[in-house]
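Notes follow once the structure below has been shown.
The values are calculated or read from the model by the stated rules, or taken from the named source; none is laboratory data. This is a predicted model, so every value here is computed, not measured. Cβ placement follows ideal geometry from the backbone for every residue including glycine, while neighbour counts extend to all protein chains displayed. What goes into the accessible areas is simple: the full protein's heavy atoms, side chains included, and nothing from ligands, DNA or RNA. Shrake-Rupley method; radii C 1.70, N 1.55, O 1.52, S 1.80 Å.
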Amino acid sequence: MGKTGRIAAPGKMGSGGVLSKKRFWMQAGIAAAASGFIAVLFYNSPWGMVWLPAVYCLAGRMFKEAADRKRKNRLNLEFKDYLNAASRALMAGYSVERAFVEALRDVKRLHGDGCQLFGRLGTMETRLGLKETIEHILNDFAEGCGSEDIESFVEIFCYAKRYGGDFVHIIAATTARICDKTDIMEEIHTVMAQKALEQKIMCAAPLGILLMFRLTSAEFIGRLYKNPLGVSVMTAALLVYAAAFVLGMKMVEIEV
């Protein structure tokens, strides 16, 4: 924040490249380990590493989906705090534009430098000073956030701003809805925790059985290696296992 009290425009996040590089190496390490495991367990040959690109893409997709869920949940929580602060400012007599600017300062102090909301709306005061409407600013924000709650709020807010409406009531209703969804998601995660553990055990069981055969009955399972029929059977088994693994991950991921 500058000497004039205006909110400074957010700068470039220097850690973004570091985080991307860190995730790249994590994905590469997991993909290499998984591909090596596949090569030994399913093919008993280095040629099994041919699955490395596919495993890398699958790991990247899983990392991305997990990061997107975490980002969306955090953004919703920040937006809930933002609306609470804006509601207090409106009840204190601020105009709508001023209330949203003051609320942005409050949420920045609450969530610190890592605040996603400030990273997306930090230039609000400057844009308002350039005679840009708050509806346009919020629409730009909603389009890139990927949150249904935020998009719904902005749509209702813009309609109420154009034709008149009770902003305090709209903000309170949206905040209550976000809180309800957060509580429901926490209950679902609690209930599904056991199922998620069971799913992980079921995914590990086939690999454990195959590994046991490799260690205790190498001659018996050796017939599946280094011959066209055996390679075809193991490839089919691997594809079925991969499909079951992805389906199982989807089944324990429930969104409200």
Q. Residues of segment 75-87 being in contact with a Phe, Trp or Tyr (Cβ under 9 Å, 6 or more places away or on another chain) and open to solvent by 10 Å² or more (accessible area, probe 1.4 Å), which ones?
A. SER87
Q: Take the residues in segment 227-253 that are under 20 Å from ALA59 (Cα atoms) and part of a loop (DSSP other than H, G, I, E, B), then tell me which one is nearest to the chain's Cα centre (by Cα).
A: GLU253
Q) Across segment 40-55, what is the number of residues that are open to solvent by less than 70 Å² (accessible area, probe 1.4 Å) and under 25 Å from the mean Cα position of the chain (by Cα)? A) 3
Q: Find the residue count for segment 183-220, including only residues that are surrounded by fewer than 10 Cβ atoms within 10 Å (Cβ to Cβ) and of a type in the set (Lys, Arg).
A: 0
Q) Hey, LEU19 hits all of (1) at pLDDT 85 or above; (2) open to solvent by 90 Å² or more (accessible area, probe 1.4 Å); (3) not acidic (Asp, Glu) but one; which does it fall short on? A) (1)
Q: Working carefully through the options GLY36, GLY93, find the one that is touching a Gly at 6+ places or on another chain (Cβ under 9 Å) and of a type in the set (Gly, Ala, Ser).
A: GLY36
(Q) Take ALA236 and tell me if it is at pLDDT 80 or above and not acidic (Asp, Glu). (A) yes
Q) In segment 90-112, which residues are open to solvent by 10 Å² or more (accessible area, probe 1.4 Å) and free of Cβ contacts under 8 Å to residues at least 40 places away in the same chain? A) ALA92, GLY93, TYR94, SER95, GLU97, ARG98, GLU102, ASP106, ARG109, LEU110, HIS111, GLY112
